[in-house]
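Worksheet: the structure to be examined is printed underneath.
The values are calculated or read from the model by the stated rules, or taken from the named source; none is laboratory data. Quick caveat: nothing in here was measured; it's all calculated off a predicted structure. Heads up, the Cβs are rebuilt from the backbone with ideal geometry, glycines too, and the neighbour counts pull from every protein chain shown. Areas reflect the complete protein model, heavy atoms only, side chains present, ligands, DNA and RNA absent. Shrake-Rupley method; radii C 1.70, N 1.55, O 1.52, S 1.80 Å.
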Amino acid sequence: MLGFILKRVFQNLLMLAAIVLAVFVLMRLTAGDPARIKAPIFASEDVLNQYRAQFGTDTPLPQQLKTFLSGIPRGDFGTSFRYQEPVFSLIQQRLPRTVILAVCSLVLAVSLALVIGVAGARKPYGWLDRLGLALSAFGQSAPTFWVGLMLVLVFSVQLGWFPAVGFEGPISLLLPTIAVALAVLPTDLRVIRTAMLESLGQDYIRTAKAFGIPDRKITYQYALRNAALPLITVVGIDLGYLLGGTIVTEVVFNYPGLGQLAIDAVNARDYPLVQAITIVTAAIFVFVNLVVDLLYMVLDPRIRISG
Amino acid sequence: MDRRKEQGLDRIRSVAEAEVSRRALLKTGAAAGVSIGIGSWMLRGFSSAAAQGNVPTGTVVVGNAEPPTSAQWDSYSVFGLVDAQVASLVHDSLLGYDATDATIVGHLASEWELVSPTTTKLTLREGVKFHDGSPVTAEDVKATIDRIGNPESGLAWHNLIFPEGSCNIIDEKTVEVVTAKPFGPIEKALAVMPIFPASEIATPENFTKQAIGAGPFKFVSYTENKITVEANPDYWAGPPKLQTVVLDYIQDANARVSALLSGQCDIITRCSAEQLARVEGDANFYVVDVPPLTQVLCIYQSNGNLAKKETRQALGYAIDRQGIVDAIMEGVGKVPYSSIATNAPGYEEQPERFEYNPEKAKELLAAAGYDGNLTLTMATTSLVPKQKEIDQAIVQFLQDVGITVDVTTLEVGAYRTSYNQYDLTLNTLASFDYDPDFILGFYAGPTAEAVFHLNDPAIAPLIEAQRAAQGEERLAKINECAAYIWDLQPALYLSDELWPFIVSSKVQDYGRVPLVGEPLMRMAMKQA
C-alpha cells in the first residue's frame, strides 16, 4: 500500500511540474505585455521599460523561469504586479473563502443527493424521485449565472434578506452556496440514484432481505456503502473543480474568492499571481484525487489487493 | 418643488454640460430620477465656517466597474477612474473645484495670478497640513511640480497634463510655476495636480505603502479591491460631511446594480442604458451625469490599408454613427461632429459632418483605388459596453459598401496591448483635466505614432498654437486644431460618453464636476 501511495505521489508531483512549466510558457506566449496593460495606452517606451524592469519581464525567459522556479521551494511565488504584495499572501486571503463556499456547496449538494437519490432508488417514480429528476433537470439546464442572478433579485433586492454582493460574514455564503450546489447537484443525484438502484438489485441484498434484516439497515449499511464508490469519485472531481475557483458564481455575487482573483490576475497579465493560483489549484486538485484514490482503497478491498 | 430645489435647478440650467447630459438622459427615460437628484443638489459655495461645525458621519460606498490600476498611489503614474477618485479624495492641489459649475478656485493656494504666458504666481494658504501632521510648504510644492515638469521623470502624466516646467520658491508662502512654453490650460492642470509631501517624493517606494495627502479624506486601506478613506478632521476648509468613503470594485454590471438596489452600494459609476432602465422612475435613486471630456471612438491605424485620408473619410460616410448610438447605446451618448468631445471648450461642429452616406463612401473608396477589394482587420473585446454589438454593426455597415472585415476576438488584456496591430479597434479616450489639450495631445509625436500610426507634422504646431493662446483666442485655436484632425479622420468618432452615475437618494448634495475624480465628494452627506 505504501508503494502505491508513493507511486501516486510521484506521478502527481510530475504532473504538477508539467503544469507549472505549461502555465509559465503559455502566459508568456499569450498576447499581452503586463507593462502595457498597467501603463496608459499612450505611455512612452521609457515608461513601459520602467514597468518591465520593475516586473522583471525585461530579462530573458530562461532567467525569468530560473527566478520563478528557485522561489517555489521557499514558497516564494513572487510579488503581484498589480497588488504589489507577495502573491502567496493574496492567495492566503482568498483561498479560505473559496474553500468555505466549495465545501458548503458540496455538503448541501451531496446531502440533497443522498436523501433524494436514495429515497428515489427505494421508490422509483415516487414523488421524491420525481422531485429529484426535476431538480436534476433544472440544475443541468439553468446556467449558474442565471440562477445566481435570480437568487439575488428575489432574496436580496426584493426581500432584502441577504447581501447581494461581497462577503459580509456567513450570511453572504447562503445564496452563492445554493447557486453552486444547484450546479453540481444533478450529477451527484444521478450517480447516487443509479448506483443505489444497481446495489439494491444485487443478490446479496436479496439474501439480506431473506434473512429478515431490516430494510433501513440494508439500504444504509449495505447498499449505500457500495453505491458510495462512484459518488466519491464524482465528489472528488467536484471538490477539486470547486476549489479551483467557482469563478462564475464569484463574479455574479462579487464574492472575494480565488476565482475572482484569478480573473483579475489574467486580465492584468499578472504573471506571478496567475502562476501561483494555477499551481495552488492544481495542487489541490491533485491532492483531492489522491485522497479519493486512498478512500477507494479503504472502501473497496479489491482495489487494495490489485494496487 | 421647494425653493432650494428651484435654485439648484436654475444653477444647473446655466451649466452647458449638464444641459447636454440631461437631454440625452431624457431619451433614456431616466429623467424622473435626474430631476429629483439634481433638485436636491444645492450648488452652494463651500463655506468653511459652516463645514467646521460638521461632525462627519455615514459611509458612502461607490461601486466601480474597475479596480485601481495597481496598488501604488503615485497619482502621476496612473490614469484609471479609481486612481483619479483616490487622488481627488486623498490629495489636494494648488487650485481646485468647489461647485458643479466647474469654476476654478484656490485650494492649497489662496491666491494666484498669471503674471506672464509662462509664469503663474501662487500664494500658499496658511496652516494647511498633510495627513501625517506636517505642514504643506513651498518645498513640497516645488518638489511636486519639478517632478512632473521634468521630461526625464518618465511619469505618465508628464506632457499630457503638464509639459516641461518647474517651480521657483519666491518666499516660504509664495511660489512661481513656470512652463518652458506658454501653456493655456495651466489653471486646469494645477486644479488636478495633487501636491505630495517632498519626503514622499524623495522615497517613491512609499507610494506602494501609503497615500499621504492634504485632501479632505485620509487613506485608510486597500484590501481585496476595496479602498477605504476616512474624513480628515483637519482639512483646511473644514472636515467633510461623510465619515467614510469606500471605493468598491464590483466587476459584473448586474452585480453592481444589485448592490445598489439592495442598499449595499450608494453610487454606481459609468452606467449603461440597461442599468439606467433598472432605476427608471424609482424615487429612491437619481442620476448624475457630468462627464469629463470622454469619447468612444473606433481607432484606425493610419498605415497599411487606411493610409489614405480618402479611405478613412469613406469609412466615416459608410457608418451610421447616430444609428449605432440610438439603437445599440440607447442614447447614452452624443454623436460629435469634430474630433473633440461635444462638451469640450472650443468644440464647434465642423461643416463637413461625415454623416451616413454609403454612396459617397463608395465614391471615395473608388477614388482611393478600392473597388470592392478592401479587407480590413478588426479586433473586438469587452472593453467598451456593448462592444461586440457595436463592432458587429460597424462590420455590417462596411460590408454594405464593399469592405470586408476580418474580426478577431481578443481577451481584454491582449486587446489592450495589441490594438494597434489591427486596422479598427473600439476604445475610449478621456481628458483628466477638463481641457481638450489633453485629447489633442494624442495626435502628435510618438503618442500619435503609437496609438494611430499617424505622423502628420502639421498637427504639432496646431497643438502648440492653442497651448500658447488664452481666452477666446485659445478656443478658436482649439477648434482650428480639432478641425484639422477631423478632416484627417484618424478615428470614427462614434460618441461622447455621458458617464451617468446612479446615486441612492440617501446620498444628498452629491455633485460632480466634469472630471474623472470626485473633488466634490467632501460636500456630500448621507441620511441615516
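List every residue whose amide H lies under 5 Å from the amide H of B:T377, counting only residues 5 or more places away in sequence or on a different chain, with H placed 1.01 Å from N in the peptide plane.
Distant-sequence amide H within range of B:T377: B:D406, B:D423, B:L424.
Taking θ as phi - 60°, what are the ³J(HN,Hα) couplings along region A:139-147 by the Karplus curve (6.51, -1.76, 1.60), each to the nearest whole Hz, with x for Gly and Pro?
Karplus-based 3J(HN,Hα) across region A:139-147 equals x, 7, 8, 8, x, 4, 5, 5, 4 Hz.
What ranking, highest mean first, results for peptides B:95-101, B:294-300 when packing means the other Cβ atoms within 10 Å averaged over each residue?
Packing proxy ranking, top to bottom: B:294-300, B:95-101.
Starting from the amide H of B:R125, placed 1.01 Å from N in the peptide plane, find each other amide H under 5 Å away whose residue is 5 or more places distant or on another chain.
Answer set, sorted by chain and number: B:A109, B:S110.
Looking only at other chains, what is the average number of their beta-carbon atoms within 10 angstrom of each beta-carbon in B:247-256?
Other-chain Cβ atoms within 10 Å of each residue's Cβ, averaged: 6.
Determine the sum of side-chain charges near B:A361: Lys and Arg each +1, Asp and Glu each -1, restricted to other residues whose C-beta is under 14 angstrom from that of B:A361.
Net of charged neighbours comes to -1.
Under a straight-distance cross-link criterion of Cα-Cα below 14 Å, which aspartates and glutamates are reachable from A:K7, leaving out those fewer than 8 residues away in the same chain?
The reachable aspartates and glutamates, counting only those whose Cα sits under 14 Å from A:K7, are A:D293.
Treating only the Cβ of Lys, Arg, Asp and Glu as charged (+1, +1, -1, -1), what charge dipole size does region A:2-74 show about its Cα centre? Round to the nearest 20 debye.
The calculated dipole for region A:2-74 is roughly 440 debye.
Give me a comma-separated list of calculated 3J(HN,Hα) values for region B:380-387, in order, Karplus coefficients 6.51, -1.76, 1.60 applied at θ = phi - 60°, integers in Hz, x for any Gly or Pro.
10, 7, 10, 6, 9, x, 6, 4
For region B:396-410, take each phi angle, set θ = phi - 60°, evaluate the Karplus expression 6.51 cos²θ - 1.76 cosθ + 1.60, and give the result in whole Hz per residue in order, putting x for glycine and proline.
In residue order, the calculated couplings are 5, 4, 5, 4, 4, 9, x, 9, 8, 10, 8, 9, 10, 8, 10 Hz.
Placing +1 on the Cβ of each Lys and Arg and -1 on the Cβ of each Asp and Glu in chain B, which of B:A460, B:G316, B:Q392 has its Cα farthest towards the positive end of the resulting dipole?
B:Q392
Measure nothing but the geometry: give the 0 to 90° angle between the long axis through the Cα atoms of B:138-149 and the longest principal axis through the Cα atoms of chain B, rounded to 10°.
Helix B:138-149 and the main axis of chain B meet at about 10 degrees.
Contour minus end-to-end for A:R74 and A:L21, with contour as 0.36 nm per residue of separation and end-to-end as the Cα-Cα distance?
Working it through step by step, the gained length comes to 17.3 nm.
Give me the number: length gained by fully extending B:N168 to B:D132, i.e. 0.36 nm times residue separation minus the C-alpha to C-alpha distance, one decimal in nm.
Here the answer is 10.5 nm.
Place a +1 charge on the Cβ of each Lys and Arg in region B:372-520 and a -1 charge on the Cβ of each Asp and Glu, then give the dipole magnitude about the Cα centre in debye, rounded to the nearest 20.
It comes to approximately 340 debye.
Post the alpha-carbon centroid distance, region B:357-436 to region B:81-128, in whole angstrom.
Taking the Cα centre of each part, region B:357-436 and region B:81-128 sit 40 Å apart.
Between A:R130 and B:T377, how many nm apart are label points set 7 Å from Cα along the C-beta direction?
A separation of 6.0 nm, rounded to one decimal place.
To the nearest 10 Å², what's B:F207's accessible area with a 1.4 Å probe?
Counting only protein heavy atoms, B:F207 exposes about 10 Å² to solvent.
B:E473 to B:D146: extension gain in nm, 0.36 nm per residue of separation minus the Cα-Cα distance?
Here the answer is 114.8 nm.
Within region A:214-234, what residues put their amide N at less than 14 Å from the label point 7 Å along the Cα-to-Cβ vector of A:D300?
Answer for this model: A:225-234.
Hand me the GluC sites (Glu not before Pro) from region B:95-142 located in a DSSP loop with no more than 14 other Cβ atoms within 10 Å, in residue order please.
B:E126
Just name one of B:F219, B:V332, B:A528: the one whose Cα is farthest towards the positive end of the charge dipole of chain B (beta-carbon charges, Lys/Arg +1, Asp/Glu -1).
Comparing the listed Cα positions along the dipole, B:A528 ranks first.
At what distance in angstrom do the alpha carbon centres of region A:33-108 and region B:297-325 lie from each other?
38 Å
Using only atoms on other chains, find how many Cβ atoms lie within 10 Å of each Cβ of peptide B:147-159 and report the average.
Partner-chain Cβ atoms within 10 Å, mean over residues of B:147-159: 2.
Using the beta-carbon distance between A:S141 and B:E274 and R0 = 22 Å, what value does 1/(1 + (r/R0)^6) give for FRET efficiency, to the nearest 0.05?
Once rounded, the FRET efficiency stands at 0.35.
Where does each of A:D129, A:D76 land when they are ordered by accessible area, with a 1.4 Å probe and the largest first?
Result of the area sort, largest leading: A:D76, A:D129.
Pairs to check: B:K142/B:K173; B:K188/B:K209; A:K123/A:K209. Give those whose C-alpha atoms are more than 19 Å from each other in this structure.
In this structure, B:K188/B:K209 lie more than 19 Å apart at Cα.
Note down the accessible area of A:M27, probe 1.4 Å, to the nearest 10 Å².
Accessible surface of A:M27 is approximately 20 Å².
Once the Cβ-Cβ distance between A:T207 and A:L290 is put in as r, and R0 is 35 Å, what FRET efficiency do you end up with, to the nearest 0.05?
0.50
Once you've got the GNM for chain A with C-alpha springs shorter than 10 Å, pick whichever of A:T278, A:T207, A:T177 has the biggest mean-square fluctuation.
Result for chain A, Cα springs under 10 Å: A:T207 fluctuates most.
Compute the relative contact order of chain A as a whole-number percentage, counting only Cα pairs closer than 8 Å that sit 6 or more residues apart in sequence.
25 percent.
Once each part is reduced to its C-alpha centroid, what is the distance from region B:217-237 to region A:5-21 in angstrom?
First find each Cα centre; the distance between them is then 47 Å.
Could you check how much of the accessible area of chain A is carbon and sulfur, as a whole percent, using a 1.4 Å probe?
68 percent
Once you charge only the Cβ atoms, +1 for Lys and Arg and -1 for Asp and Glu, what is the size of the charge dipole of chain B about its Cα centre, to the nearest 20 debye?
1020 debye
Total accessible area buried between chains A and B, 1.4 Å probe, in Å² to the nearest 100?
Its buried surface, counting both partners, is about 3200 Å².
Under a cut-off of 25 Å between alpha-carbon atoms, report the lysines in cross-link reach of B:K360, not counting same-chain residues fewer than 8 places apart.
Straight-line reach from B:K360, under 25 Å: B:K308, B:K309, B:K334.
Once amide H atoms are built 1.01 Å from N in the peptide plane, which residues 5 or more positions from B:D289, or in another chain, come under 5 Å H to H?
B:F501
What's the FRET efficiency of B:S116 with B:V55 using the Cβ-Cβ distance as r and R₀ = 56 Å, to the nearest 0.05?
Plugging the Cβ-Cβ distance into 1/(1 + (r/R0)^6) gives 0.80.
So how much accessible area does B:M523 have, in Å² to the nearest 10, using a 1.4 Å probe?
10 Å²
At 1.4 Å probe size, put B:K173, B:K129 in order of accessible surface, largest to smallest.
B:K129, B:K173
Which is farthest toward the positive dipole end of region A:2-74 among A:A18, A:P62, A:A35, measuring Cα position about the Cα centre, with Cβ charges +1 (Lys, Arg) and -1 (Asp, Glu)?
Ranked along the dipole, the leading option is A:A18.
Would you rank A:R216, A:R225, B:R147, B:R278 by solvent-accessible area, highest first, keeping every protein chain in place and using a 1.4 Å probe?
Putting A:R216, A:R225, B:R147, B:R278 in descending order of accessible area: A:R216, A:R225, B:R278, B:R147.
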